[in-house]
Amino acid sequence: MTPAELKAVAKSLGMPGFTGDQMAKWMYEQHVRSIDEMTNISKANRARLAEKYEIGCADPIDAQLSKDGTIKYLFPVRTTAYKEGEEAPAKRQPKFVETVYIPDDDRATLCVSCEVGCKMNCLFCQTGKQGFEGYLSAADILNQIYSLPEREKLTNIVFMGQGEPMDNLDNVLRSTEILTAPYGYAWSPKRITVSTIGIKDKLRQFLEESSCHVAVSLHSPIHEQRAELMPIERITPIEEIADLLRNYDFSHQRRLSFEYIMFGGVNDSLTHARQIVKLLQGLFCRVNLIRFHKIPNVNLHPTDDKKMESFRDYLTAHGIFATIRASRGQDIDAACGLLSTSKKTAEEGRR
Ligand code: SF4
């Protein structure tokens, strides 16, 4: 909640409005885990608040540690909604999302999830295979940071975990607002990147209402092939997304990147590199080439290192800044969706 909303809560319970500011300070500055820890609020008022409200934090229930320091956490989800804007307690079976902590020299990035499962059904993605099970509330998005053991070490946050951020935009915007507001975490929006496969209207809204960096999942510049890999292409071709992005300035405060997972013999040819150059003409952006982490029952394979390097070199030589992302956490199945899928299968087996 924002301080204004917390103030309204306080007033609705007959407390002075400034109790809302006190609550915001306890949560966003002190990161308390219970209302009872808010000791400058009277004991009676704390008890009344606790009758109806809670902080909303929950510790991760599982963690996989990679030898490279990457940690994949499994967080329980407390509230999900099946329609945007609706919020209901998680029911039927427990739900979980993955959050990945990636330390790297002087940076520590957290990859957060915004939905349980995903509707978008991208061919190469294990989360897509889970189907859609609900939108995370802003509280459950923020809990992945609030309850992270390494919270104080974080330098960057990327919304690149499970779910499509533009499909849960209200809650993503609410969580980035709290992350960047002076009353909240007071982070610069430059430390936050939100990814999308390209849902046009929502992306436009995001570009208007947020200053965070944007990452677009590209994965193929060729319409028919991208449609095979990412069904969203049939609704909004990537060319339309590139046209939309041309209306915004990414040369100063805000960064635009295109994510490109490389699949051996599929999207790693010279033709693909040429088409990328054509597609991204006039856009101030970078391309991140990503090694594919294999997932079960999908006939896609990683491109070898040499080919990735020549692909990168071609793009760079043709005016597009391209990098090869270091592969992290391979020994812990860092591909998103694998840990939560195994947890989900275990829960279903138990029922
Ligand atoms: S890649 Fe992203 S948008 Fe596509 S299915 Fe996976 S989580 Fe959803």
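The values are calculated or read from the model by the stated rules, or taken from the named source; none is laboratory data. What you see is a predicted model, and the numbers here were worked out from it, not measured in a lab. Cβ atoms come from the backbone with ideal geometry, glycine included; neighbour counts cover every protein chain shown. Note: accessible area is taken over every heavy atom of the protein model, side chains too, but ligands, DNA and RNA are not part of it. Shrake-Rupley method; radii C 1.70, N 1.55, O 1.52, S 1.80 Å.
What the table below lists for this structure:
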item	result
Pair residue 253, residue 201: separation of 7 Å Cα→Cβ label points (nm)	2.7
Surface share of carbon and sulfur [accessible, 1.4 angstrom probe, percent] for the chain	50
Per-residue HN-Hα couplings for segment 269-279 [Karplus 6.51, -1.76, 1.60; θ = phi - 60°; Hz; x = Gly/Pro]	8, 5, 4, 4, 4, 4, 5, 5, 4, 5, 4
Long-range amide H partners of residue 324 with built H, under 5 Å	289
Computed [θ] at 222 nm, helices only, for the chain once each DSSP H run of length n ≥ 4 contributes -39500 (n - 2.57)	-10000 deg cm²/dmol
HN-Hα J in Hz across segment 115-122 - Karplus 6.51, -1.76, 1.60, θ = phi - 60°, x for Gly and Pro	9, 8, x, 6, 8, 7, 6, 5
Degrees, to the nearest 10: 169-180 long Cα axis against longest axis of the chain	70
Over 28 Å (Cα to Cα) - which of 25/202; 119/278; 119/294; 7/119; 72/95; 200/278 fall in this group	25/202; 119/278; 7/119
Heavy atoms of residue 160: accessible area, 1.4 Å probe, square angstrom to 10	60
The chain: angle of helix 18-28 to the longest principal axis, Cα-based, in degrees nearest 10	40
Other-chain or far-sequence residues with amide H under 5 Å of residue 70's (modelled H)	329
Residue-level accessible surface for residue 261, protein heavy atoms, 1.4 Å, Å²	30
Linear extension gain, residue 281 paired with residue 299, 0.36 nm per residue minus alpha-carbon span	3.3 nm
Cut-off under 5 Å, modelled amide H: who pairs with residue 96 long-range	77
Solvent exposure of the chain as accessible area per residue, Å², 1.4 Å probe	46
³J(HN,Hα), Karplus 6.51/-1.76/1.60, whole Hz, each residue of segment 193-200, x for Gly, Pro	10, 10, 9, 7, 8, x, 9, 4
Cα centroid separation - segment 313-334 against segment 261-280, whole Å	13
